[in-house]
Structure formats: C-alpha cells, structure tokens
C-alpha cells in the first residue's frame, strides 16, 4: 500500500478527522494517517495553523473513499459565504467534470445542486472527456525551456562541456516527466516537446564530446 498511496483529505481539526476515519472504517477502507508537523498528537490539532493531518488511501480504494467522504458532507449545510451559493450552471458543470481538482465537500454539494436544477449530465461527461484528452496530450513546453536546453548544449560544444549536463537534463525532463493524477499517469509534455527532448539529449551528448575535445586541444593533450 505504501507505493500507491493517494492523499484523500487534510485536516486541522480533530472532530472532522474522527468523522472521516469512522466513515472509512465503516466502509472497510484502509487508510494511513500522517502529519505535516514534526510530531503527531491528535490533541494538538487546531493549535498550530501550519500543522495538518493527512489521510491517505491506496489508489485502488480512492473512488470508494472519495464516495464515503462525499456522503459524509452531503447533508452538511453550506456556509453563508460559500462560493457555491452563487454558482452558475456552468460553474457546477466545471466542478463535476473536474472532480479530482475540487474538494469532496464542493463536489457533494455540486451534485445536489445539479440534481435540483435538472442539469443534463451530457455536458458534464463531455467536459470530463475533454479534460482526460488534454491530460493524455500533455502540455507544450515553453520556448524558453527548449531554447535554454539547446543553449546549454551549444555552450558545451564551445568549450564548456559541463554545461551539457544541464542541456541533457532539460531534454530528459521533457521526454520523461510524468503527470500523476487520480485519473492515471500521463506524459507531462506533449509529443512534440517530448521529441525535442530526445533530440536535445542526443545533441547534448555530442556537444559534450566536442567540448571535451576542444578543451583537450587547448591544453595540448592531443
């Protein structure tokens, strides 16, 4: 379980934490409890604003745990100043099509409001599918990042071979970085950026060799 833990919720107060722990136990879901504080003591929750208790579950248990959390919040009233009280239909659709990016409290109440307003599920499914497609595609690397990688490689070839490490590192990041989400693991960068990364790594290797040869020539080692 340690290798695939996903954060479910953070707490600064003991009572909501106990309610969630009881709900997870009732559903038969195992969880891990950790803290952002150097030491953990349930009685100190809320005394330090920077200290939070983190509840994590196995990735395979996340949907069921999230459902338990939403059920826990479904009957809780919205605070008077909560943003959902003025939410439009589009806002509710945005929340339910990007559930993992919103708290279980917001999602639970958004579901109720969608049902009350009679909003069709088709648009929610369409936007959710669009979000998944964008995750699969990855994002385009910035021009500055790409130019920096090639720039370091060029400088390496000009007699500063150590800079090839930076060029190659940027290239490796472009082609290997992953975006780990609740919906799965996806490439962080798009196909074009990943292709640039592969070329950058190869170019940096050749640049390093050329740079080392140039340094050796200057030192008269040939």
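A short reminder: the numbers here are calculations on the coordinates, not readings from a lab. Source: prediction; values computed, not measured. FYI the Cβ positions are ideal-geometry reconstructions off the backbone, even for glycines, and counts take in every protein chain you see.
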Two-decimal Rg/Rh across region 140-207, once Rg and the Kirkwood Rh are taken from alpha-carbon atoms: 1.06
Principal axis dimensions, largest first and in whole angstrom, of the chain by Cα: 79, 46, 33
Per residue convex hull volume, Cα atoms of region 76-137, in Å³: 77 Å³
Computed label-point distance, nm, for sites residue 140 and residue 7 using a 7 Å Cα→Cβ extension: 3.1 nm
Cα long-axis angle, helix 104-117 against the chain (0 to 90 degrees, to the nearest 10): 60 degrees
Calculated [θ] (222 nm, deg cm²/dmol) that DSSP helices of n ≥ 4 give over the chain, each run adding -39,500 (n - 2.57): -18000 deg cm²/dmol
Approximate spin-label separation residue 33-residue 202, in nm, with each point projected 7 Å along Cα-to-Cβ: 5.5 nm
Degrees between helix 62-73 axis and first principal axis of the chain (Cα, 0 to 90, nearest 10): 40 degrees
Between region 155-222 and region 90-146, the alpha-carbon center distance in angstrom: 36 Å
